[in-house]
Each structure stands twice: as C-alpha cells, then as structure tokens.
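Comments concern the structure below.
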Amino acid sequence: MSDRPIKYLSHYGFDGYSDIIDVRSPAEFAEDHIPGAINCHVLDNEQRAEVGTLYKQVSPFEAKKRGAALISTNIGHWLDTHFRDKPKDYRPLVYCWRGGQRSGALATILSRIGWETTVIEGGYKRYRQWVRENIEAISPQLKLVILAGLTGTAKTDLLKKLEAAGEQVLDLEGMANHRGSLLGADPASPQPAQKYFESLLCEKIHRFDTGKIVWVEAESIKIGNIHCPSAFWQQMKVSPAIEVTAPVTARVDYLLGHYRHFTENPDRLMKKLGYLRERLGQETLTRWQSLVDDGQWPAFVADLLETHYDPTYRRSMRLNQRRIVETLALETLDDGALEKAAARLREIGGEIGLATLGTD
C-alpha cells in the first residue's frame, strides 16, 4: 500500500473531485447531502442505532469495538463494488457528520491504497452551517426578476427557455418537486426534505453572477411542504415582476396537457379538491364532480380557474405587494409562442435596467 496523506478541505468548493462520498447512514443522507454526492455508508440505519444504544447502555468501549467491526465489513463491501474499477488518478472527497471517525475510517483506507483523498473538515455539520450562511449572505445581492401570472400561463416553461438561452434561472418548483398549488404534488415522487431543498438553492445561487439578472417564478413562501428561506423570500418580495397573461382557453389547453395524472385518476383529483369544501362550499364541489363524471374537462378546468385559482392568485399578489413593471400578453401557449415570449422577456429584462433591480 502507498502511504499517501489525507487532505482536509476547510473551504467549500466541490468541483474537481471524482466523487463526493457521504459515508453517513442512508437516513441521514436522505434528509440532506451535498448535491451530487453518493452514499457509501459505513454504518446503515440499523447499525448506527445499534452502536448508539451500546454507547449509551453498555460502554463507549463496547460501542467502538462493535462499530469498528461493522465499519470494516461495510468498507470491504464498497471496495469490492463502488471502488473496484477506479483508476489510479481517482480523487474522492469524503465526509461524515463531523468529519471524524466514519469519514476517517474510509479515507484512511482509500489514501493507503494510493488515491488522493480529501476529507471535509467539520463534516456535514460544518457544511450545513455554510449553506445557511451563504443563503443569508447571497440572497440580498441577487438581482431577481419575478415571473408572475395566473395559473396555466406556462411560467415554468418560459423559465426553461430562458435558461436554455443562457439566462440565470432559479426553478424553485423544480427543486421543491411541487408546482406550488393544491394540485401541485408529483404523484410519482415525494418532495425533498427542507434541508436538501436549501442545499440545492445554495448550490445554485453560489454559482450565480450577482451582477446579472436571475429569473424566478412568483411563489408563496411555502411550496407544498417546503418553506423558502427568509432571506431569499424577502429579496423576492422587493424585486420587480413581469406578469404573463393568456386567454382562459389557452390556459385550459395548457393545463390539460400538463396535469394528465389527474384526468387519468379523477378519484385522486376530487379527493384533493375536497380540501376546498370549507372555503368554497359543497355546491361548488358537487358541480365539479358532475363535470368530471361527464368528462367535461375543459369546462371543469375553466371553472376551477375562475372559482379557485384566479382569486387565490390575485389575493396573493395583493398580500405580497408584487411590483409589476411590465405585462407580457400571450395569445397562445404553443412552443413557438413561448420561444418568442422568452426572447421578449430577455429584451424586457434589459430594458428594466440593473439599477432598478432589488429596490423598493
């Protein structure tokens, strides 16, 4: 074996490594991790609980002895699987909770093999502090332009086109895995944990040029179960907004194409809408049920927009005091129209002028 020293990372830049390896348990990893990291746990959830119980109920010595045996077995597994075919110039970055025993155990083996191995000093705990500090520090510097508009005006698609054109874009709904409304949950996958959402947000804004515009969709402070960090939310509240409008018929067609999981499962749809009974009354729910049962989807969506979504949007705009500086009126929401709209948004962004961004 080679006797290559372990390096320690005390500042945060994660580019240039072959892998970022989180050695914590799968449960710890699921709650939050450095974006792009992989989980090569040296103790799984049950093993970690077992060692913790031994530490508290028997003795630290017995816990360490048992932990060492488990860690050795698990590291052997990863050496035979994940690390088996890694080349000589492989450069892993390793971390655990505090940058101590778990990451040190794996890093020692990897460095003795001969790989240039780095351990994050302070581990995940220090990384988490860095995430919070960066969101607090960078958010007030961001020159946000808010893309506002009623439900079904293709704001997310416009953000994607802006990003494809080289603009700086934050897709909060994408990071939160939620479209930000009662029917916004993705039935195929859950939302991330709050901490991981903040890690994704931090990674994105940390790479932005704060001298350039950042486009972001208008959101409430809560996106499903995810809360926007306070510093970032405050910056959104004082930033200028461009409102996108479109005819109801175009919005209905757009929504029917993007929410097919509900038209294919009406029972799930009506169960979700049941949460509105207290606010809108049973008569409204009965009317919607009838439209759904008859397969009158365009009429149902138009009614849903007029009765619930549009009033909710207007109320939110008043409460959040969005500063609308321009309106972009679209007649259709097909791909060609959205391409032209994205080009016009870039023009408007330039017309707004950096001097006006982020001011009250």
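The values are calculated or read from the model by the stated rules, or taken from the named source; none is laboratory data. Just so it is clear, the model here is predicted, and its values are computed rather than measured. For neighbour counting, all protein chains shown are included, and Cβ atoms are generated from backbone atoms with ideal geometry for every residue, glycine included.
Keeping to region 15-31, report how many residues are surrounded by fewer than 23 Cβ atoms within 10 Å (Cβ to Cβ) and of a type in the set (D, E, K, R).
4
Among the candidates Glu219, Glu243, which residue alone is of a type in the set (D, E, K, R) and part of a loop (DSSP other than H, G, I, E, B)?
None of the others qualify; the one that does is Glu219.
So which of Leu285, Leu255, Leu291 ends up being assigned by TED's automatic domain parsing to the domain that holds Val214 and either in contact (Cβ under 8 Å) with a residue 24 or more places away in the chain or of a type in the set (S, T, N, Q) (or both)?
Leu255
Looking at the structure I just gave you, is Leu304 out of contact with any Pro (no Cβ under 9 Å at 6 or more places or on another chain), without any contact (Cβ under 8 Å) to a residue 40 or more places away in the chain and surrounded by fewer than 18 Cβ atoms within 10 Å (Cβ to Cβ)? So that I can check it myself, show each step before the final result.
On the way: out of contact with any Pro (no Cβ under 9 Å at 6 or more places or on another chain): yes; without any contact (Cβ under 8 Å) to a residue 40 or more places away in the chain: yes; surrounded by fewer than 18 Cβ atoms within 10 Å (Cβ to Cβ): no.
When the stated conditions are applied, Leu304 does not pass them.
If a residue counts only when it is of a type outside the set (Lys, Arg) and under 24 Å from Asp32 (Cβ atoms), which helices (runs of 4 or more DSSP H) contained entirely in region 123-203 have at least 3 such residues?
Fully inside region 123-203 and qualifying: 123-138, 172-176.
Give Val42, Val58 a once-over and let me know the one that is of a type in the set (A, V, I, L, M) and under 13 Å from Arg24 (Cβ atoms).
Testing whether each residue is of a type in the set (A, V, I, L, M) and under 13 Å from Arg24 (Cβ atoms) leaves just Val42.
Restricting attention to region 220-243, which residues are farther than 25 Å from Arg346 by Cβ and β-branched (Val, Ile, Thr)?
Selection gives Ile221, Ile223, Ile226.
Test each condition in (1) under 28 Å from the mean Cα position of the chain (by Cα); (2) exposed (fewer than 14 other Cβ atoms within 10 Å of the Cβ) for Thr263 and report the one that comes out false.
Against the list (1) under 28 Å from the mean Cα position of the chain (by Cα); (2) exposed (fewer than 14 other Cβ atoms within 10 Å of the Cβ), Thr263 comes up short only on (2).
Would you mind finding the one in Tyr12, Tyr90 that is in a loop (DSSP other than H, G, I, E, B), of a type in the set (Phe, Trp, Tyr) and crowded, with 16+ Cβ neighbours inside 10 Å?
Result: Tyr90 is the single residue among Tyr12, Tyr90 that is in a loop (DSSP other than H, G, I, E, B), of a type in the set (Phe, Trp, Tyr) and crowded, with 16+ Cβ neighbours inside 10 Å.
Among the residues of region 34-87, how many are among the acidic types (Asp, Glu) and either surrounded by 13 or more Cβ atoms within 10 Å (Cβ to Cβ) or touching a residue at least 40 places away in the same chain (Cβ under 8 Å) (or both)?
So the answer is 3.
Is it true that some residue in region 156-173 is polar (S, T, N, Q) and within 29 Å of Arg315 (Cβ to Cβ)?
yes
Going by the structure shown, is Pro140 surrounded by fewer than 20 Cβ atoms within 10 Å (Cβ to Cβ), under 15 Å from the mean Cα position of the chain (by Cα) and on the phi < 0 side of the Ramachandran plot? Spell out how you get there, then give the answer.
Details: surrounded by fewer than 20 Cβ atoms within 10 Å (Cβ to Cβ): yes; under 15 Å from the mean Cα position of the chain (by Cα): no; on the phi < 0 side of the Ramachandran plot: yes.
It is false that Pro140 is surrounded by fewer than 20 Cβ atoms within 10 Å (Cβ to Cβ), under 15 Å from the mean Cα position of the chain (by Cα) and on the phi < 0 side of the Ramachandran plot.
May I ask you to verify whether Tyr124 is touching a residue at least 40 places away in the same chain (Cβ under 8 Å), hydroxyl-bearing (Ser, Thr, Tyr), touching a His at 6+ places or on another chain (Cβ under 8 Å) and farther than 30 Å from Glu326 by Cβ?
So Tyr124 fits the description; yes.
Based on this model, can you work out whether Tyr196 counts as of a type in the set (Ser, Thr, Tyr), surrounded by 15 or more Cβ atoms within 10 Å (Cβ to Cβ), in the same structural domain as Thr156 (by TED's automatic domain parsing) and modelled with pLDDT of 95 or more?
yes
From the list Tyr309, Tyr275, exactly one residue is over 19 Å from Tyr254 (Cβ atoms), of a type in the set (Ser, Thr, Tyr) and under 26 Å from the mean Cα position of the chain (by Cα). Which is it?
Values: Tyr309 fails: over 19 Å from Tyr254 (Cβ atoms).
When all the criteria are applied, what remains is Tyr275.
Could you list, in sequence order, all residues of region 18-76 that are among the hydroxyl-bearing types (Ser, Thr, Tyr) and under 27 Å from Lys195 (Cα atoms)?
Ser18, Ser25, Thr53
From Ile135, Ile113, Ile120, Ile109, grab the single residue that is buried (at least 21 other Cβ atoms within 10 Å of the Cβ) and β-branched (Val, Ile, Thr).
Just a single option satisfies the conditions, and that option is Ile120.
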